[in-house]
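Below: the structure, in structure tokens.
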Amino acid sequence: MSLAVEEDIPLSALLREGTRADHGAANSEDFIEQLLSGALNRAAYADLSAQLLLVYEALEAASATVRDDERGAGLVFNELTRVPAIEQDLAYLYGPSWRDEIETLPATRDYADRIRAVSGSLPHYAAHSYTRYLGDLSGGQIVRRMMKQHYGLDGDGVAFYTFPDIPKIKVFKDAYRNRLDSLALDQDEVDTTLTEAHHAFHLNRVVFTALAEIHC
Ligand code: HEM
């Protein structure tokens, strides 16, 4: 039996500690730093939203599968569903013909492809769900404030970072972590989750690098 199971460290704690360095690297990417400091523009933010659409379409298609999984169903929350919010943001940011205007980057297609490729596996899903949704509920709230401050986006255009069905974000994040910790994964699956979470952060960074080439 390996260390994590022996010491009974909850999965949420393993993920938090295990991805701390990945997190630091992701949020110091040029694109993120410049976007948050006000050095970019609405077009850069809109492009990020366009990339997120593809990622969440893949993630939320996977959620539909996990919902039927005996162990995984508890990790799927309707309150987190983001695709309609992103579509609303894109309609505001690009106008009514947004579907013809948005451009999806190869890096984003790779990210979405990866989510689709592993979507039947609960540990992989848990890693991707954790990386995106807990991030949106955490740093995402900072992003929302900065987009208002620097680019005047408030309500319209930032629905993605707004969770109307989650009244207390901290309480919800604790509940989400409890669900992660109740997944009853075996040690191999825990290892898979951690490995895939590193990969998920990496895939996000590659998208940010591609966005930086365009906007920074
Ligand atoms: C945009 C810049 C970012 C900022 C300012 C930021 C900030 C934060 C902060 C302050 C927390 C801690 C919240 C808490 O303790 O409750 C956090 C947590 C988190 N962030 Fe970020 N973040 C950023 C980008 C990202 C990115 C790009 C990802 C991954 C795609 C990400 C994923 C996460 C995750 C998964 C957590 C939860 C950690 C845990 O408690 O297990 N963040 N972020």
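Observations on the model:
- For region 85-192, the gyration tensor built on C-alpha atoms gives an oblate shape. Its axis ratio a/c (a ≥ b ≥ c) is at least 1.5, and a/b is not larger than b/c.
- Counting only DSSP H runs of at least 4 residues, each contributing -39500 (n - 2.57), and dividing by the residue count of the chain, the helix-based mean residue ellipticity at 222 nm comes to -21000 deg cm²/dmol.
- Contour minus Cα-Cα distance for Arg71 and His23 (0.36 nm per residue): 14.5 nm
- Rounded tilt (10° steps) of 139-151 against the dominant C-alpha axis of the chain: 10 degrees
- Candidates Ala44, Ala200, Ala64: whichever shows maximal mean-square fluctuation once the chain is modelled as a Gaussian network with Cα springs under 10 Å: Ala64
- Annotation note: GluC sites (Glu not before Pro) in region 3-90 located in DSSP loop regions with a Cβ neighbour count of at most 14 within 10 Å are Glu70.
- With N the number of residues in the chain, Rg(Cα) / (2.2 N^0.38 Å) evaluates to 1.00.
- For region 71-120, a Kirkwood hydrodynamic radius built from all Cα pairs, placed in the Stokes-Einstein relation at 4 °C and 1.567 mPa s, yields a translational diffusion coefficient of 98 µm²/s.
- Within the listed set Gly155, Gly72, Gly140, the Gaussian network model of the chain (springs between alpha-carbon atoms below 10 Å) gives the highest mean-square fluctuation for Gly155.
- Comparing Ser28, Ser63, Ser12 in a Gaussian network model of the chain where C-alpha atoms under 10 Å apart are linked, the largest mean-square fluctuation is found at Ser28.
- Applying the criteria of a DSSP loop state and at most 13 other Cβ atoms within 10 Å to the trypsin sites (Lys or Arg not before Pro) of region 138-194 yields Lys168.
Quick note: the coordinates plus some simple rules give every number you see, no bench work behind them. Everything numeric here is computed off the predicted structure, so don't read it as measured data. So basically every Cβ, Gly included, is an ideal-geometry build from the backbone, and we count neighbours across all protein chains shown.
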